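A short worksheet on the structure shown next.
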Amino acid sequence: MLAMCLNTSTSPFLLTGFRGLERAHHWISIPLLVAYIAILLGNGTLLFLIKDDHTLHEPMYYFLAMLAATDLGVTLTTMPTVLGVLWLNHREIGHGACFSQAYFIHTLSIVESGVLLAMAYDRFIAIRNPLRYTAILTDIRVMKIGVGVLTRAGLSIMPIIIRLHWFPYCRSHVLSHAFCLHQDVIKLACADVTFNHLYPVVVVFGMGLLDFLIIFLSYILILKTVMGIASTDERAKALNTCVSHICCILVFYVTVVGLTFIHRFGTHVPHVVHITMSYICFLFPPFMNPVIFSIRTKQIQSGIIHLLSLPCSKR
């Protein structure tokens, strides 16, 4: 068995943009920059509205704020290095910075899954037990759920990231993305990486898949409750409160499954497709979530309209 030793290599990793399309990097950066700005504005606006508007100080919107903060975190963790590669050809990244970036990317992905599960719990209580909604989902309990989601994600990813610091990297230092991913880094390690191959699979199935199954079960129970409501209008109103959340679930899990499918079974797919799917996975949910809630939630719509009307009213 190859013994692991503390990695003392001083050679930095090299990030990669769109291989073979280096001359088009400036053009490729334009839609990515637009998406980046839209994500910052959209999620930043949601956080500002929820903080500023006291009518939005409810569990549902607290969980939405957690989702927006998570989306901002994922984007801010990845996009600066991506734009650095595409604009300035700034490809070098130190081991510590690379491992930290990988830690935050993977942790925040699990946090997003956990927040979506918490939002499903919120809708479950609101529809199945509306009279006790505020008694069950108190501010303290919402805070505990948020801390639990963060702790679960942070601790679950830590073992594989810590081990990265101890691997010797004697192969090529060129990564296949413009940001660091755990599965990308371990391909360069000259050591036994069996644990780092198997453990993420356990995490994905033990958390991501379990979260999805619990969400699915909760909506079966929600649907059962809604179908028992006599009034058609009340039934439609109850279902309408879940539409935004369902859309966010589909956006998140469809992109994750799509990326996983491409990586696992797309061995003959061009490399540019793998890279493009990675960007879609990290940018599409943070881009779409504010759009979905802005379109589907009247309180958010009213807050945005009020925010936009402030400059006009000061004239």
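A few points about this structure:
- Once the C-beta distance of E234 and R128 is scaled by a Förster radius of 22 Å, the resulting FRET efficiency is 0.95 to the nearest 0.05.
- If you plug the beta carbon distance of I305 and L14 into 1/(1 + (r/R0)^6) with R0 = 45 Å, you get a FRET efficiency near 0.45.
- Counted residue by residue at 0.36 nm each, then reduced by the alpha carbon distance between them, the extension gain from D53 to L76 reaches 5.8 nm.
- Amide H contacts of V174 (H built 1.01 Å from N, in plane; Pro and chain starts excluded): L14 sit under 5 Å, all sequence-distant by 5 or more or on other chains.
- In a reduced charge model with +1 at each Lys and Arg Cβ and -1 at each Asp and Glu Cβ, region 3-104 shows a dipole moment near 420 debye about its Cα centre.
- Gain upon complete extension [Q183, R141; 0.36 nm per residue less C-alpha separation]: 11.6 nm
- Helices of the chain meeting both criteria, an alpha-carbon length of 18 angstrom or more along the long axis and an average Kyte-Doolittle score not below 1.0, with helices taken as full DSSP H segments, are 25-52, 59-88, 139-164, 210-227, 271-296.
- In angstrom, the C-alpha Rg and Dmax of the chain are 21.6, 74.
- Theoretical ellipticity at 222 nm over the chain - DSSP helices of four or more residues, -39500 (n - 2.57) apiece, nearest 500: -25500 deg cm²/dmol
- Around the Cα centre of the chain, unit charges on the Cβ atoms of Lys, Arg, Asp and Glu (plus for the first two, minus for the last two) sum to a dipole of about 240 debye.
- Spin-label pair I30/T276, simplified geometry with 7 Å Cα→Cβ offset, distance in nm: 1.7
- Low-density loop positions, chymotrypsin sites (Phe, Trp or Tyr not before Pro), region 172-216 - DSSP coil, at most 14 other Cβ in 10 Å: none
- Span from the region 246-295 Cα centroid across to the region 128-163 one, whole angstrom: 25
- Of the trypsin sites (Lys or Arg not before Pro) in region 130-175, those whose Cβ has at most 14 other Cβ within 10 Å and which sit in DSSP loop: R171
- Placing unit charges on each Cβ (+1 for Lys and Arg, -1 for Asp and Glu) gives the chain a dipole about its Cα centre, and among V254, T276, F104 the Cα reaching farthest toward its positive end belongs to V254.
The numbers here are math on the coordinates, done by the rules we state, and not lab data. Just so it is clear, the structure is predicted and the values come from calculations on it, not from any experiment. When we count neighbours, we look across all protein chains shown, and the Cβ atoms used for this are built from the backbone with ideal geometry, even at glycine.
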